[in-house]
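What follows is a single structure, written as structure tokens, with notes after it.
The values are calculated or read from the model by the stated rules, or taken from the named source; none is laboratory data. Quick caveat, the model's predicted, so the values are computed rather than measured. Methodologically, a virtual Cβ is constructed for each residue, glycine included, from the backbone with ideal geometry; neighbour enumeration extends over all protein chains shown. Areas reflect the complete protein model, heavy atoms only, side chains present, ligands, DNA and RNA absent. Shrake-Rupley method; radii C 1.70, N 1.55, O 1.52, S 1.80 Å.
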Amino acid sequence: MIPRTVFNTEHEQFRDTVRKFLENEAVPHHAQWEKEGQVDRALWNKAGEMGFLCPQVPEAYGGLELDFGYNAIIDEEISRLGLTGIGWGLHSDIAVPYIANYGSEEQKQKYLPKCISGEIVTAIAMTEPGTGSDLQNVRTTAIRDGDHYVLNGSKTFITNGQHAELVIVVAKTNPDEGASGVSLLLVDTSLPGFKKGTNLEKIGMKAQDTSELFFDDVRVPAEDLLGGEGQGFIYLMQELPQERLGVAIGAIANAEAGLQWTIDYVRERKAFGRPIASFQNTQFKLAELSSELTALRVFVDRCLELHYEKKLDVPTAAKAKLLATDFQCKLLDECVQLHGGYGYMWEYPIARAWADARVQRIYAGTNEIMKLIIGRDLVKN
Ligand SMILES: Cc1cc2nc3c(=O)[nH]c(=O)nc-3n(C[C@H](O)[C@H](O)[C@H](O)COP(=O)(O)OP(=O)(O)OC[C@H]3O[C@@H](n4cnc5c(N)ncnc54)[C@H](O)[C@@H]3O)c2cc1C
């Protein structure tokens, strides 16, 4: 074991609180939430009371003003317990930071306290039915009309899409431009013309509400433009390293849990009169996985340290996301194999983790897009 140095005593005390909360308030209900396709909305308010939402937000807006290590701990504990329905990471690590970093004083006062308390659940809507990786080519438009932007278009695969009260929508304020025509708007989901589609049925992360969203002449007040007009693409590029780091952190924590469940299983399970842990193949597989996992844990922790120092660059975050999620899927697949038929049964955490993990290589930028980012950086002049 290589001791972790990225967290201090306060972080670890916070971890205990998060873990106890999740064990009491989420673990007993998660299987039911998977059937319902979403977690209980009240969980968000309970998390808000505990200080688990948006721990980074400054005290001036009711936040705890903590470092990203606290977000990482929440992500790790959720991933370790396989609670993939809980969309706090998307809210705290991804969506709300846009408001904190680019919002006007009025927007911060209006929204941040409610995001922290759980009164407002946020989502971020980039992907459209016709475009995902190629974000510059979104077709949703937000055309200025007096004191409003008129929003038209649709989005898909939006995490927290059913629960969200506030959605950061990526839209073209100038449809004739590429990246420089992209803006971000804070859109209240109760506005006329805003429609939530059905909760999408997925092969994993079944308790996570993921939705289509439709905008039909939604009149968004001009003061709800986030940051500058035409600056949206730049903001997205600036925020994506934190999003990708969060995904990598969750991937490694989940892989660690998957390996431990498997070690416990192979020590118990017998074949040919002896524990399957005693077979050389089992030990070699576990040894390979554990070695790679150790290397990745060290790398991802180092990325977290770099992020504390505001030095995590875009290609390094892409490497963390690429390596951690590819490895998570590989490890879980090997672990399913070591569980035999039981590894394919939904009631076994390893089966659910295997299905839940697959999307990690797809969202937050596909792993092919990660390679594009890393490769372009290598050959640039
Ligand atoms: C469960 C889930 C939750 C999600 N949550 C959100 C969310 O909250 N908000 C949001 O906006 N989106 C969300 N997404 C969408 C996700 O980010 C996109 O699915 C992803 O970015 C890929 O876009 P796409 O599906 O359009 O695939 P495409 O862009 O059509 O890609 C299809 C394939 O082509 C490859 N490809 C594309 N371009 C290139 C290239 N230039 N070179 C090489 N290969 C390429 C891709 O890697 C992929 O393998 C979510 C998706 C899922 C499944």
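Within the stretch 321-340, can one find any residue that is of a type in the set (Ser, Thr, Tyr) and closer than 13 Å to Ile252 by Cβ? For the stretch 321-340, residues of a type in the set (Ser, Thr, Tyr) and closer than 13 Å to Ile252 by Cβ: present. Of (1) out of contact with any Pro (no Cβ under 9 Å at 6 or more places or on another chain); (2) within 16 Å of the ligand (Cβ to nearest atom); (3) part of a loop (DSSP other than H, G, I, E, B), Arg139 satisfies all except one. Which? Just one mismatch for Arg139, condition (1). For the stretch 209-216, does any single residue satisfy the condition of being open to solvent by 10 Å² or more (accessible area, probe 1.4 Å), assigned to a strand (DSSP E or B) and of a type in the set (Asp, Glu)? Taking every residue of the stretch 209-216 in turn, at least one turns out to be open to solvent by 10 Å² or more (accessible area, probe 1.4 Å), assigned to a strand (DSSP E or B) and of a type in the set (Asp, Glu). Whenever a residue of the stretch 94-109 is touching a residue at least 24 places away in the same chain (Cβ under 8 Å) and in the same structural domain as Pro241 (by TED's automatic domain parsing), it has no partner that is open to solvent by less than 40 Å² (accessible area, probe 1.4 Å) and among the basic types (Lys, Arg) lying with C-beta atoms less than 8 angstrom away and at least six residues away or across chains. If only residues of the stretch 163-194 that are in contact with a Ser or Thr (Cβ under 6 Å, 6 or more places away or on another chain) and surrounded by fewer than 19 Cβ atoms within 10 Å (Cβ to Cβ) are counted, the one that is farthest from Val39 (Cα to Cα) is Pro175.
Taken over the stretch 98-127, the residue count meeting the criterion of being open to solvent by less than 10 Å² (accessible area, probe 1.4 Å) and part of a helix (DSSP H, G or I) is 5. Checked across the stretch 144-156, the condition of being away from the ligand (no atom under 16 Å from the Cβ), closer than 30 Å to Thr9 by Cβ and over 17 Å from the mean Cα position of the chain (by Cα) holds for no residue. Looking across the stretch 357-368, the residues that are open to solvent by less than 90 Å² (accessible area, probe 1.4 Å) and touching a helix residue (DSSP H, G or I) at 6+ places or on another chain (Cβ under 8 Å) come down to Ala357, Gln360, Arg361, Tyr363, Ala364, Gly365, Asn367. Residues to consider are Ala364, Ala355, Ala320; find the one that is touching a residue at least 12 places away in the same chain (Cβ under 8 Å), assigned to a helix (DSSP H, G or I), within 16 Å of the ligand (Cβ to nearest atom) and not acidic (Asp, Glu). The match here is Ala355. Given the condition part of a strand (DSSP E or B), out of contact with any Leu (no Cβ under 8 Å at 6 or more places or on another chain) and open to solvent by less than 10 Å² (accessible area, probe 1.4 Å), answer yes or no: does some residue in the stretch 236-253 qualify? There is no residue in the stretch 236-253 that is part of a strand (DSSP E or B), out of contact with any Leu (no Cβ under 8 Å at 6 or more places or on another chain) and open to solvent by less than 10 Å² (accessible area, probe 1.4 Å). Can you pull out every residue in the stretch 109-127 that is touching a helix residue (DSSP H, G or I) at 6+ places or on another chain (Cβ under 9 Å) and within 8 Å of the ligand (Cβ to nearest atom)? Result: Ala123, Ile124, Met126, Thr127.
On inspection, Glu223 fails the criterion of being of a type in the set (Asp, Glu) and within 16 Å of the ligand (Cβ to nearest atom).
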